[in-house]
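As structure tokens, the structure follows; a few thoughts come after it.
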Amino acid sequence: MTPKESFEAALRREPIQGHVPHFELVMFLTMEAVGRIHPCHRDYSQWYQMSRAERRLHLVDMAKAYIEVAEKYHHGAIFVHPKPGPTGELPTDIEATREILETIRELSGDTYSLMIHGDPTYPIPTGDTMMEFSAMMYEEPEKIHEGTKRQVEFCHKLCDELMKHKGLLDGWALCSDYCFNVNPFYSRDMFAEFVQPYLKEICQYYHDNHTYVIKHTDGNVMPILDMIVDCKPDAVHSLDPQGGVDLKEAKRLYGDRVCLIGNVNCGLMQTGTEEELIADTRRALREGMPGYGYIFSTSNCAFTGLELKRYELMNKIWWEEGVYQ
């Protein structure tokens, strides 16, 4: 199976031959890993001043950063961060999004499953806006609904435009975070009102367009995981052990309904001993692999500041031991 075929089979919870699929939502360590700056670390504020030739050079370099990381660490999918990304002036402002996806396809063929961000739901507000947002949920809930509906409409238009280009995009990563380490930001009632209807609707829209959906949130997702699964994403990421998420329990409860991604403890990757990291990697494989429907990953991403050797140690254990017999 190609990396893409294996990755997408896992999303469908089908049997797989060979390695359990592996990918990272973001692999920020591209400079140390392959000698290229990660697209998220680049400033393209002067993009529209560049000549077509200069833009093309940047697009090729960004595409190579994604592809070379995926090749080196045997990832099955690439989460693409278009720079500059779409801002709402569709369809005119998605040229760079379309071109980076096309460039990755040109250079790698159909080897990897390609996805971009497409989450219309409101995440945990920032510290600067949390009081205002929390008050709005009680005093002016219609404003939150209106804002989310506008974001849903934008996601529809973005999907429609990209789907005009056959074979360009395989899926969506919905990256609004809902949870702290101790509990979700939203109560179950609030989640049912302000998030769940829109999350369910956008999952259905993407599926109707024959694309996959991965729902990401860090933290303790367990109190609302059933509500997320009911929205029918293909997978849930990142099953954060620092938020108390037990992979074995999540698999017992929902493994027959959704693919599970992640659960290798990012805290141990940075501050644990090598022995602790190896043990946690093996635990995630042991708990996630049975019955298929699991994609190996960290519990967040390979973040800036993480020592590359720690990621590569985790990757080595997976490559040697994460194999279906």
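Points worth noting:
- Axial C-alpha extent at least 27 Å, average Kyte-Doolittle at least 1.6 - helices from the chain (DSSP): none
- More than 20 Å apart - percent of Cα-Cα pairs taken over the range 41-169: 55
- Counting only residues at least eight positions apart within a chain, or on another chain, the lysines with an alpha carbon under 26 Å from that of residue 149 are 83, 157, 164, 200, 215, 232.
- The per residue volume of the convex hull around the alpha-carbon atoms of the range 1-80 is 104 Å³.
- Inter-part distance, the range 242-298 to the range 39-75, computed on C-alpha centroids, equals 31 Å.
- Length gained when the stretch residue 139-residue 275 is fully extended (0.36 nm per residue, less Cα-Cα span): 43.8 nm
- Accessible heavy-atom area order of 311, 292, highest first, probe of 1.4 Å: 292, 311
- Long-range HN-HN contacts of residue 117 with modeled amide H, under 5 Å: 173
- Label-point separation in nm, residue 12 to residue 130, each point 7 Å along Cα→Cβ: 4.3
- Each of the peptides 188-196, 238-246, 123-131 was scored by the mean count of other Cβ atoms within 10 Å over its residues; in descending order, highest first, they stand as 238-246, 188-196, 123-131.
- A straight chain from residue 256 to residue 303 at 0.36 nm per residue would run longer than the Cα-Cα distance by 13.9 nm.
- Separation of alpha-carbon centers, the range 115-172 and the range 85-106, rounded to whole Å: 18
- Considering every alpha-carbon pair of the chain, the percent of pairs per 10 Å bin, from zero through the bin containing the longest distance, is 6, 26, 35, 25, 8, 0.
- Rounded to 5, the percent of DSSP beta bridges in the chain classed as antiparallel: 10
- For the range 266-315, the equivalent ellipsoid derived from the alpha-carbon gyration tensor has semi-axes of 20, 12, 8 Å in decreasing order.
- Expressed to the nearest 5 percent, the antiparallel share of DSSP beta bridges inside the range 160-240 is 10 percent.
- Rg and Dmax of the range 136-272, Cα atoms only, in Å: 15.9, 47
- Taken along the Cα-to-beta-carbon direction at a fixed 7 Å, the label points for residue 52 and residue 37 span 2.5 nm.
- Estimated distance in nm for a label pair at residue 154 and residue 200, the labels positioned 7 Å out from Cα along Cα-to-Cβ: 2.5
- Surface composition of the chain: carbon plus sulfur atoms hold 51% of the accessible area, using a 1.4 angstrom probe and ignoring ligands, DNA and RNA.
- FRET efficiency, 1/(1 + (r/R0)^6) with R0 22 Å, evaluated for residue 1 and residue 210 via beta carbons: 0.65
- Counted residue by residue at 0.36 nm each, then reduced by the alpha carbon distance between them, the extension gain from residue 163 to residue 90 reaches 24.9 nm.
The values are calculated or read from the model by the stated rules, or taken from the named source; none is laboratory data. What you see is a predicted model, and the numbers here were worked out from it, not measured in a lab. Cβ coordinates were reconstructed from backbone atoms using ideal geometry, including for glycine residues, and neighbour counts include every protein chain displayed. Calculation scope for accessible area: heavy atoms of the full protein, side chains included, ligands and nucleic acids excluded. Shrake-Rupley method; radii C 1.70, N 1.55, O 1.52, S 1.80 Å.
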